[in-house]
Amino acid sequence: MLSRVIAVSASGLKSSAPLGAGLVQASRSLHTSSPSLAPVPPLPEGGKVRHGIVPEEFFQLLYPKTGATGPYMLGTGLSVWLLSKELYVINHETVAAITVGTVIVLAVKKFGPSFASAMDKMEEEKSAWIEDVKDQAMVCYADAIEEEKKEQWRVEGRSMLFDAKRNNVSMLLETNYRERLHHAKHEVKRRLDYQLALQHLKVRMEKEHMVNWVEKNVVSSITAQQEQESIVKCISDLNVLAKNIQAKATA
């Protein structure tokens, strides 16, 4: 029975070639369109339906051709045709389907609004959570951007730091160079002072040696008589000098 319904539905789809071609063309346009980098908008809400399962667009499609009662007459005629041709045979499955359908409709009528409100609330909570996550992510990204700007600013200042380090290294090299010059000057001066002191010592030793030699020769050349005469002469000179001083003092 179900296979017959599927076969009839397939033949109906084949007969509605423009509608099928339009759907195929629409699907091709969806698959071949260039991808967009813009944020994907939220999916639209479901359209209106009649009798729980029949879309409103189905009635709007048939109204220009069949009028207001056309969709109902189409459904009734299709059902009568299926039953008259015995393409669909009423049996216990039909009764079970009607019963289950009735139960489903009643459940939808009774529990549908509360279930829909619960689903809407869950959707709102989910949307709020997604917005919260998005805001937190935006805050994190903003902080990351600020940190990146700070790092770029630090990188720009690194050139000045390198210049300061180069100047410090140049000053250290200049200081070491001047210290080496001072050390070399000090060592050269110390060696020159040593040579000068050595020459002075040599001259002084020569003078002392010459004086000692002359003194020794002079002393050795003086005889005892000359020494006695010189002592007497010194004593007489001292007496004369004493008398002159005494005469000047009395005068």
His182-Met160 FRET efficiency (beta carbon distance; Förster radius 45 Å; 0.05 resolution)
0.90
With r as the distance between the Cβ atoms of Arg204 and Cys234 and R0 = 30 Å, compute the FRET efficiency 1/(1 + (r/R0)^6) and round to 0.05.
0.45
Mean Cβ count within 10 Å, highest first, over the residues of peptides 101-109, 157-165
101-109, 157-165
Accessible area per residue, 1.4 Å probe, Å², for the stretch 92-251: what's the number?
93 Å²
Where does each of 180-189, 72-81 land if you order them by average Cβ count within 10 Å, highest first?
72-81, 180-189
For Lys126, give me every one of the lysines with a C-alpha distance below 20 angstrom, ignoring sequence neighbours fewer than eight places off in its own chain.
Lys134
Can you list residues whose amide H is under 5 Å from Val49's amide H, if they're 5+ apart or on another chain and H is modeled 1.01 Å from N?
Glu56
The stretch 58-108 - percent of accessible surface contributed by carbon and sulfur, probe 1.4 Å:
76 percent
Please name which of Ile231, Trp213, Leu198 has its Cα lying farthest along the dipole of the stretch 179-251 towards the positive end, using unit charges on Cβ (Lys, Arg +1; Asp, Glu -1) and the Cα centre as origin.
Leu198
Of the accessible area of the stretch 126-222, with the probe set at 1.4 angstrom, what percent is carbon plus sulfur?
63 percent
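The values are calculated or read from the model by the stated rules, or taken from the named source; none is laboratory data. Because the structure is a prediction, the values reported are computed rather than measured. Counting neighbours? That spans all protein chains shown, and the Cβs are built from the backbone with ideal geometry, glycine included. Protein only, heavy atoms only, side chains kept; ligands, DNA and RNA dropped before computing areas. Shrake-Rupley method; radii C 1.70, N 1.55, O 1.52, S 1.80 Å.
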